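Structure first, then comments.
Any read-out appearing in this document is the output of simple, stated calculations on the displayed coordinates, not a laboratory observation. What you see is a predicted model; the values in this text were computed from it and never measured. With ideal geometry, Cβ positions are generated from the backbone for all residues, glycine too; neighbour counts draw on all protein chains shown.
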Amino acid sequence: MIRNSNSDTFPATSKEVNNVPPLPRNFLFVILTLFVTSSTVLAQTPSGPTRKAPPPPPPPPATDQQQFLSYWTTETGWRTELQLRNNQVGHDLIVTPVLGTADGTETPLSPVTVQPQEVKTVDVETAIGSSAPQLIGTYGSLALRYRTPSQANLYAVSMVMGVGHSIALHPLGVPLSFTSDQGVYGHDKCGGLWEDISGAFYSNWSTANSNITTVDYYGTHTGMSIGSTTSSTSGQFQGWLRLNDCPIVGSAPSGGANVHSVTISGAQSIMDGQQSAFSVSVSGGTATAYSWSFTAPSGAGNGPNVSFTAPTSAQTNTDGHWFALPNVACPSQSDLPGYYNSVYTIKATVTFSEGDTPSKSTTLTVNSYWNPAGFTDPNIARIGGVPNMASDNPDGSNK
């Protein structure tokens with residue numbers, strides 16, 4: 001028998017402990033001699049001047065942080081579980097889950113306090129409760145908002161599970177002509193957490209329709225054309241971790257693989273002060289959120305700006321504000337005629353229900369060269385006749 005420090009006993013292996021020969025005495029003597037010699041050398045080493053270690057740098061200030069998780073659902077037969085881990089050592093972490101739906105509505109749930117190094121589990125349907133009953137039976141995207149010095153202070157995962165199954169694999173969104181990774185999670189019956197067991201399912205991935213998406217050895221999907229299909233894999237993994245009792249359990253998880261496409265309206269050109277309009281359309285999936293933004297060239301002056309009337313919708317109007325590039329009042333001949341045309345990059349980002357966020361860009365050109373700059377319409381001003389002309393009188397009057 002083998003006994004540990006807590007007096008627990010375990011059966012010996014095939015190599016009997018009692019048959020292990022004792023260590024030779026000269027071996028113990030060498031160890032003691034080396035230890036004594038080393039201690040003597042250290043004791044005789046002269047001590048030099050001690051230097052004070054520099055003080056540790058102050059911790060960075062806490063700032064607002066946000067993480068996006070791919071997907072949540074409370075549809076019939078499915079449940080969503082959030083696992084939140086506070087990676088900080090000495091501070092509590094307060095996390096506010098925010099559920100987003102396809103119409104762009106955001107619903108914050110009650111804040112969750114996670115103690116240092118703690119993993120806290122949140123059941124989304126239970127968290128919704130009676131505060132937002134309209135979200136029961138729906139799905140969408142998820143944001144986690146908190147305030148810490150670093151985004152890495154929080155580790156979070158959203159697990160979507162079929163009720164009654166111990167394998168979780170959520171639908172995958174794949175941008176057209178790009179890639180997305182899929183994996184497999186298994187439930188650890190000892191620790192109560194979901195663990196990444198994707199490695200046990202490598203080399204067996206396949207898709208029902210390779211014209212829509214293909215998949216490689218590791219489960220990386222490539223979008224080939226717009227549409228929906230399924231992908232699946234199979235493998236074997238340990239059902240639970242238990243000493244001398246780790247049976248092999250077979251499983252064949254599968255899930256949806258949806259290829260998405262985003263199209264943005266064409267480039268627009270307007271005069272300074274006028275308005276324009278842009279729109280974005282999606283194919284092959286369900287959009288849950290939209291976001292419009294702009295960028296101007298580096299070094300542009302005169303306060304570059306584009307205002308969106310509906311920055312979180314599929315369609316939006318914009319104003320036009322001319323900027324100076326180069327930032328000078330009087331341009332040289334080499335700067336003309338481009339000086340009078342300000343070209344903004346307009347970007348639309350779409351969030352799909354599976355969590356992927358593809359974006360598309362176009363341009364908005366604002367021209368400040370009004371020609372003619374202005375005129376008077378005689379039909380509106382109604383100017384007629386001629387002025388009376390006469391010389392001034394000697395007294396200075398013109399009567």
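Measuring from a point 7 Å past the Cα of Q83 along Cα-to-C-beta, which residues in segment 105-141 have an amide N at less than 16 Å? Residues 117-124 fall inside that zone.
Cβ neighbours within 10 Å, averaged per peptide: list 319-325, 215-221 in order, most packed at the top. Could the numbers behind the result be given before it?
On the way: 319-325: 20.1, 215-221: 17.0.
Highest mean packing first, the order is 319-325, 215-221.
For segment 70-145, the Cβ-based charge dipole about the Cα centre amounts to some 160 debye (Lys, Arg positive; Asp, Glu negative; other atoms uncharged).
Could you put F68, F278 in order, starting from the residue whose Cβ has the fewest other Cβ atoms within 10 Å? Working shown, then result.
Numbers: F68 16, F278 21.
With the sparsest Cβ surroundings first, the list reads F68, F278.
For the listed peptides 136-142, 357-363, 208-214, a ranking on the average number of other beta carbons within 10 Å per residue, highest first, reads 136-142, 208-214, 357-363.
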